[in-house]
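*Asks:* Encoded as structure tokens, here's the structure I'll be asking about.
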Amino acid sequence: MLPLGRTERWTVRTGETSPGFNHPFHLHTNPFLVTHRNGVRLDPPVWHDTVGLAGGHPGDEVTFLVRYEDFTGHALAHCHQLHHEDLGMMQAVSYVEP
């Protein structure tokens with residue numbers, strides 16, 4: 001459950017070992033501010049609603065801030081590659097009133 005009005009820091013990473021794979025990560029309903037890529041602070045940070053994560057050794061990692069603003073109900077956090085969603089790169093999230 002993700003209460004409206006809360007700001008959270010997420011870190012999303014891929015364990016993909018093939019550098020040829022790309023995972024466009026998308027979070028429904030709220031844009032997010034990418035603050036770090038692979039542990040390196042971005043200056044300035046960048047707003048996204050989808051961000052690419054590449055495979056490799058080690059896989060890519062992004063850290064972002066997200067504030068749950070005005071949508072209540074169920075939504076998805078997922079990879080935009082449909083066959084990757086089928087392999088488990090999708091999660092249901094619930095935005096709720098505090």
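The values are calculated or read from the model by the stated rules, or taken from the named source; none is laboratory data. Here the structure is a predicted model, which is why all the values come from computation and not from measurement. When we count neighbours, we look across all protein chains shown, and the Cβ atoms used for this are built from the backbone with ideal geometry, even at glycine. With ligands, DNA and RNA removed, areas are computed over all heavy atoms of the protein, side chains included. Shrake-Rupley method; radii C 1.70, N 1.55, O 1.52, S 1.80 Å.
*Asks:* Among the residues of the stretch 13-26, are any touching a Pro at 6+ places or on another chain (Cβ under 7 Å) and touching a residue at least 12 places away in the same chain (Cβ under 8 Å)?
*Replies:* No, the stretch 13-26 contains no residue that is touching a Pro at 6+ places or on another chain (Cβ under 7 Å) and touching a residue at least 12 places away in the same chain (Cβ under 8 Å).
*Asks:* For the stretch 52-94, how many residues are among the β-branched types (Val, Ile, Thr) and within 17 Å of Gly15 (Cβ to Cβ)?
*Replies:* Count: 2.
*Asks:* Across the stretch 39-69, what is the total count of residues that are farther than 26 Å from Ser94 by Cβ, out of contact with any His (no Cβ under 7 Å at 6 or more places or on another chain) and of a type in the set (A, V, I, L, M)?
*Replies:* Here the count works out to 3.
*Asks:* Where in the stretch 3-92 are the strands (runs of 3 or more DSSP E), entirely inside, with at least 1 residues that are open to solvent by 80 Å² or more (accessible area, probe 1.4 Å)?
*Replies:* Here the list reads 7-13, 40-48, 61-67, 73-79.
*Asks:* Any residue in the stretch 79-98 that is closer than 13 Å to Phe25 by Cα sitting within a Cβ distance under 8 Å of a residue that is modelled with pLDDT under 75? List the pairs, counting only those 6 or more apart or interchain.
*Replies:* Cys79/Glu85
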